Every structure is written in structure tokens, then in C-alpha cells.
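The values are calculated or read from the model by the stated rules, or taken from the named source; none is laboratory data. For clarity, every value in this text was computed on a predicted model and none was experimentally measured. Using ideal geometry, Cβ is built from the backbone for each residue, glycine included, and neighbour counts are taken over all protein chains shown. Accessible surface areas use protein heavy atoms only, side chains included; no ligands, DNA or RNA. Shrake-Rupley method; radii C 1.70, N 1.55, O 1.52, S 1.80 Å.
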Amino acid sequence: LQDFGTYYFRIRSMARDGFRGPWSDVVLFSATPPPPSPELENPRKSAGNMVIRWRDQGPKMSYHCQIARDQAFKDLIVDRKTERPLIEFPKPKKPGTYYVRTSAIDDLNYEGAFSPPQTFEIHNYWPLLGIIAGAGIASMLIW
């Protein structure tokens, strides 16, 4: 279908010899657009966790959120469905760029397209530890 809206159809059988059966009752169906992609807010940190929020799409909507270490979303670290327009998860341990995308799911369980990916960075806050470890003093810090 090219256009969203209400449609009606009916069917009947046709035999090879040309006999045509009676038409069925008319059946009604609606083609509705998929839910729009939720607009993401900037990720934030909260007590060692990451919080990702997006625009609420209204009642009876749920959401699908994916977070990955790559733009193709092959290396997922979070793949979660939720009833709320946010997720909270432990801050990733590996430094680097992470990619986030969300989709909305309507009350008929139809999932719209994912939003364009948004990124956030996790930084290594212990650069001095790498220098100390390289000098062979790390074992003293563990004790």
C-alpha cells in the first residue's frame, strides 16, 4: 500500500472452467503509519550509571533502545524494551565512543524505525595509572 487509511476488500473464487463463486463479505482494514522515532536527549551520568532519555510518544507506547560500541550496532551492550521513555544502565567500563538509537512500539506491537544514532564518550579517568603501571609500580598500588 502506498497510502495510509481505511481499505475494504472482498474475494471470490474462479474455477479453470470459468465458473465464478460468490463474493465474500466485505472486510475492512486500516493501514496506519508506524510510530515516529523518539527524539533522544543528551545522555547523562547518575551515581555510576548512564541515563538515556527520549521524548515520550504518549500513552500505550513502549520503546526499544539499543546501545552499541559500533555504528552498525553489531556489538550491542544494551538491547532493551521498556514502557518508560528512558533507560538506566551501568556506565560502560571500556573507554570509547558508544552509539544509541531508539524506536517506538505502538499498542498493537508495531515497531517504528530506529532514530538516527546519537553518540556519547566514555573516558578513561585514570591516565596516571597507565604511567605508573608502565613503571612497574602497579603491584604496590594493589596491596
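List of remarks:
- ³J(HN,Hα), Karplus 6.51/-1.76/1.60, whole Hz, each residue of the stretch 79-84, x for Gly, Pro: 9, 9, 9, 8, 7, 9
- FRET E, pair Tyr8, Leu86, Förster distance 35 Å, beta-carbon r, rounded to 0.05: 0.25
- Note that the stretch 63-71 has calculated 3J(HN,Hα) couplings of 9, 10, 10, 10, 10, 9, 8, 9, 5 Hz, one per residue in order, obtained from phi through the Karplus relation 6.51 cos²θ - 1.76 cosθ + 1.60 (θ = phi - 60°); glycine and proline are x.
- Positive contributions from Lys and Arg (+1) and negative ones from Asp and Glu (-1), summed over other residues with Cβ under 15 Å from the Cβ of Pro117, come out at -3.
- Rg over Rh [alpha-carbon atoms, Kirkwood Rh] for the stretch 34-116: 0.96
- Among Phe89, Gly112, Thr102 - extreme Cα towards positive end, dipole of the chain, charges at beta-carbon: Phe89
- Solvent-accessible ranking of Phe73, Phe114, Phe9, largest area first, probe 1.4 Å: Phe9, Phe114, Phe73
- Taking each residue as 0.36 nm, the span from Arg20 to Arg69 lengthens on full extension beyond its C-alpha to C-alpha distance by 11.7 nm.
- Under the criterion of Cα pairs below 8 Å and six or more residues apart, the relative contact order for the stretch 5-135 equals 22 percent.
- Leu40, Leu28, Leu76, Leu108, reordered so the largest accessible area comes first (probe 1.4 Å): Leu108, Leu28, Leu76, Leu40
- With K and R counted +1 and D and E -1, the other residues having a Cβ less than 10 Å from that of Gln57 yield a net charge of -1.
- Taking every Cα-Cα distance in the stretch 1-68 and sorting them into 10 Å bins starting at zero, the pair-distance distribution P(r) comes out as 14, 24, 21, 14, 13, 10, 4, 1 percent.
- Counting only protein heavy atoms and a probe of 1.4 Å, the accessible surface of the chain is 55% carbon and sulfur.
- Inverting the pair-averaged 1/r between distinct Cα atoms of the chain gives 19.5 Å as its Kirkwood hydrodynamic radius.
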